[in-house]
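Participant: Encoded as structure tokens, here's the structure I'll be asking about.
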Amino acid sequence: MPDLSYQSRYNCATCPTRCDGRSKTAYIFEDDVALSEKVEDRVIGYLGCSLGITARKTPPQVHGLPDLELVRDGRVVGRVEIKAQNRTFMSVERLLPESNLRPYETVALNLSDLERYLGLFQQESRPVFIVWWLRRPCIGEGYWGHRLDVLGGILRQYGDRRRFRRASTQSDVVDGVHKGVTVNYHFSLQELLPLDDLAPLITAVWNTRE
């Protein structure tokens, strides 16, 4: 588990292996999808082997839903969205000065996904969890996440102060369709839970019977 209490001491400018010193000029959609699918498989394995929870990928023909379904007795009792991220938003303090974020601790979520899942949560009344996988030189590798309602509270608290639109690039377009994410909303790892600490919340959802 990373030590996130050192934000006043850590300076990304001194990092010998800066993971995002310059903006990417290409966002390869297929590579992001392949990495996300690997992480989805790992999370499904963790839920099944460590927690005894049945999780499956959301059927591909169903669009707009989180990546995974938590299933009990043939019924979907919760959903999990998976995000895989390596790079950091190195300019977050300059571009979003009121965000209260530091580069190494910042994670991103497609704003349209966040808003859509909040609407889905209101419609279905099924708990939704967002889980990020990260691998960065300053914090190592791990999984962090939280309940969607908690993230929604952060959205209400900060509003546009954590919203950022990047410039679109040619690589965002796949077969004539713009698939790259250009508008993100950002959170701090300090606002999230390591997966082991998030697990009891997921288990409670799965064990709940109507």
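Every read-out reported here was derived from the displayed coordinates using simple, explicitly stated rules and does not represent laboratory data. Note that the structure is a prediction, hence the values are computed from the model and not measured. Cβ: placed from backbone, ideal geometry, glycine included. Neighbour counts: every protein chain shown.
Participant: Name the residue farthest towards the positive end of the dipole of segment 26-207 from the options LEU189, LEU118, LEU95, assuming +1 on Cβ of Lys and Arg, -1 on Cβ of Asp and Glu, about the Cα centre.
Facilitator: Among LEU189, LEU118, LEU95, the one farthest towards the positive end of the dipole of segment 26-207 is LEU95.
Participant: Could I ask something else about it? Measure off 7 Å from each Cα along the Cα-to-Cβ vector at THR208 and ARG72, then give the distance between these two points in nanometres to one decimal.
Facilitator: Calculated label separation equals 0.9 nm.
Participant: Okay, next question. Roughly speaking, what is the stretch gain from ARG87 to GLN122, that is 0.36 nm per residue apart minus the C-alpha to C-alpha distance, in nm to one decimal?
Facilitator: Extra length available between ARG87 and GLN122 comes to 9.4 nm.
Participant: Can you give me the long-range amide H partners of ALA84? Hydrogens built in the peptide plane at 1.01 Å from N, cutoff under 5 Å, separation of 5 or more residues or another chain.
Facilitator: Amide H to amide H, under 5 Å and 5 or more residues apart or across chains, ALA84 pairs with TRP133.
Participant: I would also like to ask the following. Whose amide H sits under 5 Å from the amide H of GLY78, counting only residues 5 or more places off or on another chain, with H placed in the peptide plane?
Facilitator: Result for GLY78 returns LEU70.
Participant: Scan around ILE53 for amide H atoms under 5 Å from its own, H built in the peptide plane at 1.01 Å from N, and keep only partners 5 or more places away or cross-chain.
Facilitator: Under 5 Å from the amide H of ILE53: GLY48.
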